[in-house]
Amino acid sequence: MTVRQLHLLGSPVLRQRAAPVATVDDAVRRLVDDLFETMHAAKGVGLAANQVGVARRVAVVDVGEDAPPPLVLINPRIVQASDTMESAEEGCLSIPDIYGEVERRLGVTIESLDRDGRLYTVELSGFKARAAQHEIDHLDGVLFIDRLPPVARDRIKKRIQKEGLAKGAPPHAFAL
Ligand SMILES: [Zn+2]
């Protein structure tokens with residue numbers, strides 16, 4: 001397994017819509033393993049392939065709960081979502097030291113392929129549901145700052161323009 005280089009805000013691949021995986025082969029499995037390794041090294045709780053410069057629909061989530069186990073998302077789709085919305089703090093490994101309150105669906109049901117290419121369905125709630133929605137956004141070229149109210153988004157844009165990205169920022173429990 002290899003820790004891959006993280007792509008930060010400004011890298012075009014973060015704005016690309018990632019391509020579906022046709023076959024879950026050894027290269028895809030290696031990508032999954034590297035995503036876990038890279039995410040753990042960065043002390044994050046989720047990571048999408050775009051964030052390591054690969055525009056394919058692959059992501060991982062590990063919020064440190066035992067059940068359900070860490071998620072492998074390959075070609076994931078939200079097939080059901082609760083009407084209830086929840087607002088909570090969120091960050092992104094590609095936008096270091098920037099956090100914001102993002103409104104997301106409280107619960108989602110996701111259909112995805114696993115590391116062996118088998119289709120599975122999982123119901124998620126709370127932070128795990130939030131993490132999965134954040135990663136699926138990445139696969140569509142969407143970042144959490146896009147989902148902030150305009151005032152908060154402008155404040156963040158101005159701060160980044162003025163100070164640049166905090167590349168050596170300490171890790172944070174909500175970075176995905
Ligand atoms: Zn992110």
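Some points to look at:
- Averaged per residue, the chain has 50 square angstrom of accessible surface, using a 1.4 angstrom probe with ligands and nucleic acids left out.
- Helix-derived mean residue ellipticity, 222 nm - over the chain, DSSP H n ≥ 4, -39500 (n - 2.57), to 500: -8000 deg cm²/dmol
- Taking a straight Cα-Cα cut-off under 15 Å and skipping sequence neighbours fewer than 8 places away in the same chain, the aspartates and glutamates within cross-link reach of residue 162 are 97, 154.
- Within a Gaussian network of the chain (alpha carbon springs, distance under 10 Å), most fluctuating of 19, 55, 42: 19
- Expressed as a fraction of 2.2 N^0.38 Å, the C-alpha radius of gyration for the range 1-156 is 0.97.
- Extension gain for residue 109 to residue 142 (0.36 nm times residue separation, less C-alpha to C-alpha distance): 9.9 nm.
- Where 134, 40, 7 fall by accessible area, highest first, once all protein chains stay in place (1.4 Å): 40, 7, 134
- Relative contact order %, the range 1-99, counting alpha carbon pairs below 8 Å whose residues are six or more apart: 29 percent
- Alpha carbon convex hull of the range 102-173, volume per residue in cubic angstrom: 128 Å³
- Cα long-axis angle, helix 150-163 against the chain (0 to 90 degrees, to the nearest 10): 80 degrees
- Of the solvent-accessible surface of the chain, computed with a 1.4 Å probe over protein heavy atoms with every protein chain present, carbon and sulfur atoms account for 50 percent.
- Reachable lysines from residue 157, criterion Cα separation under 22 angstrom, eight or more residues apart if same chain: 167
- Rounded to the nearest 10 degrees, the angle from helix 126-139 to the longest Cα principal axis of the chain is 90 degrees.
- Using the alpha-carbon positions of the range 64-138, Rg (one decimal) and Dmax (whole number) come out as 12.7, 36 Å.
- Using the alpha-carbon positions of the range 40-81, Rg (one decimal) and Dmax (whole number) come out as 11.3, 32 Å.
- Only aspartates and glutamates eight or more places from residue 128 in sequence, or on another chain, were considered; those with a Cα closer than 18 Å are 62, 65, 66, 83, 86, 89, 90, 101, 103, 111, 114, 137.
- Remark: accessible surface ordering of 162, 128 (largest first) is 162, 128, probe radius 1.4 Å.
- Mean separation of Cα pairs under 8 Å and 6 or more residues apart, divided by the residue count, gives the range 66-153 a relative contact order of 27 percent.
The values are calculated or read from the model by the stated rules, or taken from the named source; none is laboratory data. The structure presented is a predicted model; accordingly, all values stated were derived computationally and were not measured. Accessible surface areas use protein heavy atoms only, side chains included; no ligands, DNA or RNA. Shrake-Rupley method; radii C 1.70, N 1.55, O 1.52, S 1.80 Å.
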